[in-house]
1. With a cut-off of 13 Å, note down the residues of the range 84-120 whose backbone N falls inside the zone around a label point 7 Å from the Cα of residue 50 toward its beta carbon.
2. Going by average Cβ density within 10 Å per residue, which order do the peptides 125-132, 102-109 take, highest to lowest?
3. Rounded, prolate or oblate: which fits the range 26-156, taking a ≥ b ≥ c as square roots of the Cα gyration tensor eigenvalues, rounded meaning a/c under 1.5, else prolate when a/b beats b/c?
4. Set the Förster distance to 25 Å, then compute FRET efficiency between residue 129 and residue 27 from the Cβ-Cβ distance, nearest 0.05.
């Protein structure tokens, strides 16, 4: 049902003096949901190389099962998929795990009329660098960094 990449190395936090403290190490986790096997795999491999713990699902129903068993730092999901799509997943996941609010990145080749106000919307084809930048913003917000409140970001980059 769900593919999980091999355990990544821990990612340490760098202090102001430039020293990385392993006792402060934290591995971030992402759930990637897309019915396109190639895109799902490309994102998963790229994040895993960067030290993320990655889980994948091919539709909203599979993804919801993953959300039931794990609290992810970010959920990257296609909007339109067979069985259940990304917006359905967003609603159901937030009902199960309110801590996921603000941690969703939606992807679609078609514009989304009203993306959720606390999510990022990216237009396909997307740039992995732009996606990683958005994920860093999500992590900063989750860590309580003093970052201005974000409204729904609509990002369009080409690969």
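Bear in mind these aren't lab numbers, they're just calculated from the coordinates by the rules spelled out. Everything numeric in this text was worked out from a predicted model, so none of it was measured. Ideal geometry is used to build each Cβ from the backbone, glycine not excepted, and the neighbour counts take in all protein chains shown.
1. 105
2. Details: 125-132: 16.0, 102-109: 21.6.
In decreasing order of mean packing, 125-132, 102-109 become 102-109, 125-132.
3. Working: a/c = 1.15, a/b = 1.12, b/c = 1.03.
Cα axes put the range 26-156 in the rounded bin.
4. Working: r = 21 Å, r/R0 = 0.84.
The formula returns an efficiency of 0.75 here.
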